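We did not get these values from a lab; they are worked out from the coordinates using the rules stated. What you see is a predicted model; the values in this text were computed from it and never measured. When we count neighbours, we look across all protein chains shown, and the Cβ atoms used for this are built from the backbone with ideal geometry, even at glycine.
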Amino acid sequence: QVQLVESGGGLVQPGGSLRLSCAASGRIFSIYRMAWYRQAPGKQRELVASIINGGSTDYADSVKGRFTISRDNANNTVYLQMNSLKPEDTAVYYCNSRVPGYNYWGQGTQVTVSS
C-alpha cells in the first residue's frame, strides 16, 4: 500500500555531491521509519541512514559526517544528501519505508563515483 520512487542518482566525481530523493505515496500516514540502503556488486545490502517519526537519525559509520538524511513531511519525501563522495560509495541505492508489519522498497537508483 506504499509506493516509493527514487530519483537523483547519477555519475559524480570523487569529492562531489549528490542528493537522492524518495517520494512516497499510498498509505503514507502509516510510515514510522524511512531509510536508505545501498548494494554494490558482489556485496551485501547495507543500511546507510534511517530516520524515524520523531526525527531521530542514524548513519552507517562509513558515511557519518558526509551523508545527511532528512524528511519533508509536507511532500512525503525523504532525501539523502551525499557530500565528499568516494568511489567506495558506488552502489545502487534503495529507499525503504516501514509500516506496521511490513517493509516497502523502491526500485533503486544507481550512484557511480568515478573520475
query = Dipole size in debye (nearest 20) for segment 45-104 around its Cα centre, Lys and Arg Cβ +1, Asp and Glu Cβ -1?
reply = 80 debye
query = Can you tell which of Gln81, Gln44, Gln13 shows the greatest fluctuation in a Gaussian network model of the chain with Cα springs below 10 Å?
reply = Gln44
remark   = Ranking Asn73, Gly16, Pro87 by how far each Cα lies towards the positive end of the charge dipole of the chain (+1 on Lys and Arg Cβ, -1 on Asp and Glu Cβ), the top one is Asn73
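Within segment 6-115, which chymotrypsin sites (Phe, Trp or Tyr not before Pro) sit in a loop by DSSP and count at most 12 neighbouring Cβ atoms inside 10 Å?
Numbers: sites: Phe29, Tyr32, Trp36, Tyr37, Tyr59, Phe67, Tyr79, Tyr93, Tyr94, Tyr102, Tyr104, Trp105; in loops: Tyr32.
In loop regions of segment 6-115 (DSSP not H, G, I, E or B), the sparsely surrounded chymotrypsin sites (Phe, Trp or Tyr not before Pro) are Tyr32.
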key: Spacing of the two label points (7 Å from each Cα toward its C-beta) at Ser62 and Arg45, in nm   = 1.5 nm
